[in-house]
Amino acid sequence: MPPRFRKLLRRTRRLDLPPPLVLALAYLGFIVAGAVLLWLPVSHHGTVTLNEAVFTSTSAVTVTGLILSDTGATFTGFGQGVIALLIQLGGLGLMTFAVLVLSALGIPVGMPQRLILREDLNQTSVSNLTVLVRIILIVALTCEALGALLLGFVFVPEYGWNGVWQAVFHAVSAFNNAGFALHPDSLSHWVGNPLVNLVIPALFILGGIGFIVVGDLYQKRRWRTLTLHSKLMIAGTAVLIVWGTLGFAVLEWTNPATLGPLETGTKLWASWFQGVTPRTAGFNTVDIGGMHDSTTLLTMTLMLVGGGSTSTAGGIKVTTLCVLLLATIAFFRRRSTLHAFGRSLGLNEVMKVLALSMVSVLLLMSAIFLVSISHDGEFLDLAFEAVSAFGTVGLSRGATGDLDGFGQAVIIAVMFVGRVGPLTLGFFLATHGTPRVRYPAGQIYLG
């Protein structure tokens, strides 16, 4: 190991920073670096302000997809490449790439790096982390390469050689659940294209279900031998997909602003796409601003839930929702433990998801309140924007560009906390402390 690197490592250890804080600072550093690169004249056509560069960089690193201007028209090929790189770094995790670089240089991955990697991958143990990193990289690169190859059959005939880059960019954006597109109407031009409606959702479903689940499926390949986490994720994801698809179709079937003018087959494709994309993908094939209020609330619910742990998705996570539902069922059945697929969950898991859910609700309410102070617009549009930012989704009803500097700063903070905040919260939830003083039991009346 080079002497300078050893000195820097020793200084970092002396600071004794908790791993989540180091991780948050790393994400912040890449946001700043990305903003500087996107602000350079070589990265854009015309003028891009520093605020726009910071917003776009934050949206890319947090794999959100909210934008202030059309990505394809505003940024040059170099700028689009920077955005794609930021999406890849933010989606797969900064420490994943750091471990890869250290391994390539022959530098052993020590305990400090493993602790930070554990927080980045949302794990409870430091064992087998390097194996998990290899699985993540193999799965990600394989899916993105295959996705880009298939999307090439759509984009290359229409855009020529530029279609190759469009296929690669959209494959990276889809797998990492970023939602960045190179067209002003996202993917609405291909609302009835079977290949786009199959490849793009397949990529963001695989990226959002979690690398642990994908690895578990690859190794065991039998339902009975899968872990409880994998079973909950697969079952929960299937229910949410069916609920979202059917809900969107029923609510929007005759809406002239969305599904109404389309043919029956295209309506089904659009319902499928919009039913699965709110779970942090951020692409759209119909006008999001034209949805009914009921559909908007359905979409907000899906955005809040998000995808799976150890994935490229955001939100409170599918397993959190499952545990909340199981806890509710257990309460009405007068059970002290939760049961699912022949396994039990204790009070500790319930307390964790309750804490995460409460923090998420408080954060969202605060964000909506702050944005509404500076922008007295449509309340539903503002709430939709805040939920999309927290879930790192990227869907918008058009309010992003209307926000002033303060409103954009709030959305930037929510995107950052939505990506990094749960990791920090998980660190404190995983820290056990023994109470020094015990108090006599008390009673309160609920309900």
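So the values come out like this:
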read-out	value
Asp376 - accessible surface, heavy atoms, 1.4 Å probe, Å² rounded to 10	150
Leu28 - accessible surface, heavy atoms, 1.4 Å probe, Å² rounded to 10	80
Overall form of segment 31-73 per C-alpha gyration tensor (a/c, 1.5; a/b vs b/c)	oblate
Rounded if a/c under 1.5, otherwise prolate or oblate - segment 196-248, Cα gyration tensor axes	oblate
Distance (nanometres) between label positions extended 7 Å along Cα→Cβ at Trp253 and Leu268	1.3
Rounded if a/c under 1.5, otherwise prolate or oblate - segment 129-284, Cα gyration tensor axes	oblate
Candidate residues His45, His292, His170: accessible-area rank, largest first, probe 1.4 Å	His45, His292, His170
Separation in nanometres of the label points that stand 7 Å from Cα toward Cβ, at Asn348 and Asp287	5.3
Most to least accessible of Thr392, Thr264 (protein chains only, probe 1.4 Å)	Thr264, Thr392
Solvent exposure of segment 261-417 as accessible area per residue, Å², 1.4 Å probe	42
Rg to Rh quotient for segment 340-401, alpha carbon positions, Kirkwood Rh	1.19
Rounded to the nearest 10 Å², the accessible area of Met233 at probe 1.4 Å	0
Between segment 258-272 and segment 387-401, the Cα center-to-center distance that results, in Å	23
Thr328, Thr258, reordered so the largest accessible area comes first (probe 1.4 Å)	Thr328, Thr258
Built amide H within the under 5 Å cut-off of His44, gap 5+	Thr76
Fraction of accessible area attributable to carbon and sulfur, segment 162-259 (%, probe 1.4 Å)	70
Spin-label pair Ser366/Asn193, simplified geometry with 7 Å Cα→Cβ offset, distance in nm	4.2
Cα pair count fraction exceeding 24 Å, expressed as % - segment 213-371	45
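The values are calculated or read from the model by the stated rules, or taken from the named source; none is laboratory data. Just so it is clear, the structure is predicted and the values come from calculations on it, not from any experiment. Backbone-built Cβ (ideal geometry, glycine too); neighbour counts: all protein chains shown. Side chains are part of the model used for accessible areas, which takes the heavy atoms of the whole protein and leaves out ligands, DNA and RNA. Shrake-Rupley method; radii C 1.70, N 1.55, O 1.52, S 1.80 Å.
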